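In what follows, a structure is listed as structure tokens, so that the remarks can point back to it.
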Amino acid sequence: MSDNLLHSLNNIQRQAVQHTTGPLLILSGAGSGKTRVITHRIAYLIKEHRVSPFRILAVTFTNKAANEMKERLETLVDPGVSKNLWVATFHSTCAKFLRRDIEQLKGFTSNFTIYDKGEQVTVVKDVMRQFGLDDKQYSPRTIHDMISGAKNKNISPANYDSMADGFYEKIVSRVYPQYQDTLRKNNALDYDDLLNYTVELFKNHPEILRKYNENFIHILVDEYQDTNQTQYELVKLLAGERKNVCVVGDDDQSIYGFRGADIYNILNFEKHYSNTEVLRLEQNYRSTQNILDAAWSVVQNNKNRKEKKLWTENDAGELVTCYKAIDETDEAGYVGTKIEEWHAEGVDFSDFAIFYRTNAQSRIFEQALRAANIPYQIVGGLGFYDRMEIKDLIAYLRVMCNPADEISVRRIINVPARGIGPTSLERLMDFAEKQEISLFEAVIRVDEITKISTGINRKVKRFSKIFNKYGPDDLPAEVLEHILESTGYLEHFRSQRSIEAQNRVENIEELMNAVYEYEMIADEPTLLDYLENIALIADIDTMDTDENTDKVPMMTLHSAKGLEFPFVFIVGMEEGYLPHQRSINTEAEIEEERRLCYVGITRAMEQLYIVHAEARRSWGGVEYKIPSRFIEEIDENLIKHVDRYNSAFSDTDEDMYQDEDVDGVDQTYTPSTEYIQEIETEPLYEIDQIVSHPNFGRGRIVEVSGKGVDAFVTVLFDRSGSKKFAASIAPLVVIVDTL
């Protein structure tokens with residue numbers, strides 16, 4: 001039995017699977033088969049060591065990763081066994097712990113609501129309003145992010161107040177405790193609370209922790225490099241005295257520092273757990289060797305990392321292609337043209353991926369792909385559950401589960417319009433505050449509010465009756481059908497003839513489909529469980545991976561982690577984008593940006609394209625860009641440079657820049673020409689012209705001397721200093737005439 005389970009593993013993978021006692025750190029490079037190792041390790045424990053599936057806990061970060069593990073385990077162990085395994089995300093795991101025991105924490109009940117980011121910011125705005133703080137002067141999102149940052153480090157409101165020293169921190173120290181009180185009043189938790197309250201529960205109630213210590217004798221953690229301080233504490237508490245904890249991760253792929261991830265959790269794992277066995281998975285099964293070498297030549301410049309270098313039995317493959325675009329139009333046009341060329345040769349659109357540093361960069365590529373009739377999908381944009389009509393209906397479902405959820409009550413009390421306006425809502429809220437009750441209780445006790453007219457009173461009562469029939473344990477499809485029927489919400493949009501209304505109808509119908517699908521696959525489907533599932537959906541979980549869907553996915557580099565594609569385009573590879581302008585203040589930030597670049601490179605299986613532009617339009621006119629430092633870090637033997645005028649050029653062969661022939665230029669896309677000059681056969685240079693050099697990038701001419709064949713030109717480059725060339729053979733392209 002053991003041989004059958006282990007025969008498909010390489011030597012290091014087998015060692016990882018067969019190490020079953022004590023702490024184990026598996027440093028798993030990109031594409032090295034970490035999911036295979038985790039699932040085979042679980043199967044090995046069950047089959048060879050007779051460990052009950054109930055006694056194994058495996059946690060990861062996305063539903064996509066958890067579901068992939070479950071699917072693989074179904075093929076490795078009996079279906080009846082795999083069904084009993086606890087494989088889930090950190091947040092889902094903590095939500096389940098809290099559903100059972102949160103009432104041990106003062107002020108909460110087990111039907112608590114999990115607020116999404118938008119609702120969390122709404123609470124912050126409400127608190128700011130109470131303190132008279134202008135949300136135009138102080139950004140609610142920034143304040144929320146600072147609160148979340150404190151929670152990621154497990155800093156309580158009281159401790160934050162004692163640490164706050166800056167002006168903005170003092171503002172946050174006022175908002176933070178009231179924000180927490182408001183959540184508690186609404187019987188609601190944010191994502192960080194799921195983790196923090198679980199740790200608090202375990203620390204304050206050791207008998208509850210002891211129950212889980214006795215139950216789970218093997219803990220497995222995926223993507224350990226992404227854990228924050230609270231998750232580190234949680235794992236350590238669950239591991240208990242046995243310390244049978246196996247963590248799998250790659251410090252080179254730690255890219256969520258802005259969310260609180262602490263790379264030192266994995267770098268210092270051996271210090272946290274004595275007698276740790278360390279294994280390195282370095283054989284890659286995804287990419288060509290040239291792509292792996294290019295990735296390593298970048299990431300090896302980081303100081304804070306554990307040494308490992310990926311290798312593969314795959315072919316060396318193509319060189320990395322680096323395209324120097326004239327501007328953003330040329331950049332998008334090049335990507336679109338390459339996709340068209342490969343698609344004409346039989347490559348599916350879904351085999352490509354376009355990665356960028358920020359979502360704002362997607363617009364120009366959307367335009368280019370639409371113009372070329374290339375289907376695409378944006379991952380991490382406005383998600384299905386972020387649409388207005390979906391959020392409205394989810395709010396109804398939440399109130400059905402948790403009437404104390406004031407944010408949801410306020411959202412739907414007059415949706416669709418039923419005549420309960422802002423003044424009536426304000427009177428209900430004032431009554432709730434004076435009586436120290438929830439807003440929904442005020443709705444029920446509307447007869448006691450003399451300032452509300454008889455007509456409005458009847459409307460408020462009709463609203464409250466919607467929630468009399470169902471509760472948290474009912475089937476979500478039945479509850480949703482009841483809401484649509486009793487509110488007329490669906491008919492409200494069906495009666496309108498606009499395309500927008502029709503789209504909303506289709507979205508509501510899709511929500512019904514999603515609810516029915518949930519009920520088919522859930523072991524014990526309930527409204528409360530359904531709401532928990534959708535509250536913990538990540539961006540990547542919404543990506544359409546249907547085999548019949550043939551679209552080019554576009555996403556940020558952060559969203560790309562965990563994915564792979566035969567053809568990858570990393571665009572906007574310029575200083576200010578990657579590394580991002582906001583992330584160049586410290587060496588630690590630069591190292592995280594470098595890891596982000598590494599993640600992007602290692603998503604590519606067969607062909608990697610890196611694209612940067614010499615100039616981009618901005619509000620002020622034209623902004624000239626410098627190629628990313630990470631391009632320079634790629635070994636010159638692994639990369640070929642191309643631009644609009646040259647099909648390819650080598651860093652080491654300057655002869656090819658002389659007497660360039662541009663007759664073969666591909667005319668299928670046309671960049672802006674407002675500030676572009678054609679390359680002249682015998683260029684004449686002037687002081688203050690802006691030029692570009694294939695090796696040194698952008699620069700300004702500061703001196704011209706001599707005449708004819710004896711003429712020389714001196715260029716001050718943005719990053720390479722001053723260089724002097726023979727004017728007659730200088731490989732310079734004039735991109736802006738004299739300033």
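The values are calculated or read from the model by the stated rules, or taken from the named source; none is laboratory data. This one's a predicted model, so the numbers in the text were calculated from it and none came from an experiment. Methodologically, a virtual Cβ is constructed for each residue, glycine included, from the backbone with ideal geometry; neighbour enumeration extends over all protein chains shown. For the accessible areas, the whole protein counts, side chains as well, though only heavy atoms, and no ligand, DNA or RNA atoms are used. Shrake-Rupley method; radii C 1.70, N 1.55, O 1.52, S 1.80 Å.
Could you say whether any residue in segment 315-333 is farther than 30 Å from His693 by Cα, free of Cβ contacts under 8 Å to residues at least 40 places away in the same chain and either outside any helix (DSSP H, G or I) or not polar (S, T, N, Q) (or both)? Within segment 315-333 (the criterion being farther than 30 Å from His693 by Cα, free of Cβ contacts under 8 Å to residues at least 40 places away in the same chain and either outside any helix (DSSP H, G or I) or not polar (S, T, N, Q) (or both)), the answer is yes, since at least one residue qualifies. Listed residues Ser438, Ser486; which is open to solvent by less than 30 Å² (accessible area, probe 1.4 Å), at negative phi and not aliphatic (A, V, I, L, M)? Result: Ser438 is the single residue among Ser438, Ser486 that is open to solvent by less than 30 Å² (accessible area, probe 1.4 Å), at negative phi and not aliphatic (A, V, I, L, M). Among the numbered conditions (1) among the aliphatic types (A, V, I, L, M); (2) open to solvent by less than 30 Å² (accessible area, probe 1.4 Å); (3) at pLDDT 85 or above; (4) within 27 Å of Asn67 (Cβ to Cβ), the only one that Ile540 does not meet is (3). Filtered by the rule that a residue be surrounded by 13 or more Cβ atoms within 10 Å (Cβ to Cβ), in contact (Cβ under 8 Å) with a residue 12 or more places away in the chain and not acidic (Asp, Glu), segment 441-461 gives Ala442, Val443, Ile444, Arg445, Val446, Ile449, Ile452, Ile456, Lys459, Val460, Lys461.
Going by the conditions given, is Asp550 of a type in the set (Asp, Glu) and touching an Asp or Glu at 6+ places or on another chain (Cβ under 6 Å)?
The answer is yes for Asp550.
Mind listing whichever residues of segment 483-497 are hydroxyl-bearing (Ser, Thr, Tyr) and part of a loop (DSSP other than H, G, I, E, B)? Give the derivation first.
Just the residues of segment 483-497 that are hydroxyl-bearing (Ser, Thr, Tyr), to begin with: 486-487, 489, 495.
Residue satisfying the conditions is Ser495 alone.
Among strands (runs of 3 or more DSSP E) entirely within segment 637-734, having at least 3 residues that are at pLDDT 80 or above and more than 21 Å from Ala613 (Cα to Cα) singles out 697-705, 712-717.
Screening Asn275 on (1) surrounded by fewer than 20 Cβ atoms within 10 Å (Cβ to Cβ); (2) on the phi < 0 side of the Ramachandran plot; (3) part of a loop (DSSP other than H, G, I, E, B) shows it passes everything except condition (2). Just one of (1) touching a Leu at 6+ places or on another chain (Cβ under 6 Å); (2) over 19 Å from Tyr44 (Cβ atoms) fails for Phe90. It is (1).
Output the number of residues of segment 333-379 satisfying the condition of being of a type in the set (Lys, Arg) and either open to solvent by less than 30 Å² (accessible area, probe 1.4 Å) or modelled with pLDDT of 90 or more (or both). Give the steps one after another, and end with the answer.
From segment 333-379, those of a type in the set (Lys, Arg) are 338, 357, 363, 370; that's our starting set.
Next, only the ones that are either open to solvent by less than 30 Å² (accessible area, probe 1.4 Å) or modelled with pLDDT of 90 or more (or both) stay: 338, 357.
So the answer is 2.
From the residues in segment 172-184 that are of a type outside the set (S, T, N, Q) and buried (at least 18 other Cβ atoms within 10 Å of the Cβ), which one is farthest from Glu119 (Cα to Cα)? First the steps, then the outcome.
In the first step, residues of segment 172-184 are kept if they are of a type outside the set (S, T, N, Q); the result is 172, 174-177, 179, 181, 183-184.
Pick out the ones that are also buried (at least 18 other Cβ atoms within 10 Å of the Cβ) and you get 172, 174-176, 179, 183.
Values: Val172: 18, Arg174: 19, Val175: 15, Tyr176: 15, Tyr179: 12, Leu183: 10 Å.
So, considering only residues that are of a type outside the set (S, T, N, Q) and buried (at least 18 other Cβ atoms within 10 Å of the Cβ), the one farthest from Glu119 (Cα to Cα) is Arg174.
Restricting segment 380-399 to residues that are surrounded by fewer than 20 Cβ atoms within 10 Å (Cβ to Cβ) and aliphatic (A, V, I, L, M) leaves a set whose member that is modelled with the lowest pLDDT is Leu382. Per the listing Tyr160, Tyr197, Tyr168, the residue uniquely within 23 Å of Thr62 (Cα to Cα), under 28 Å from the mean Cα position of the chain (by Cα) and not small (Gly, Ala, Ser) is Tyr197. In the set Glu223, Glu207, which member is open to solvent by 10 Å² or more (accessible area, probe 1.4 Å) and touching a Phe, Trp or Tyr at 6+ places or on another chain (Cβ under 6 Å)? Only one candidate qualifies: Glu223. With respect to the conditions (1) open to solvent by 10 Å² or more (accessible area, probe 1.4 Å); (2) closer than 28 Å to Gly576 by Cβ; (3) of a type in the set (Ser, Thr, Tyr), Thr288 falls short on a single one, namely (2).
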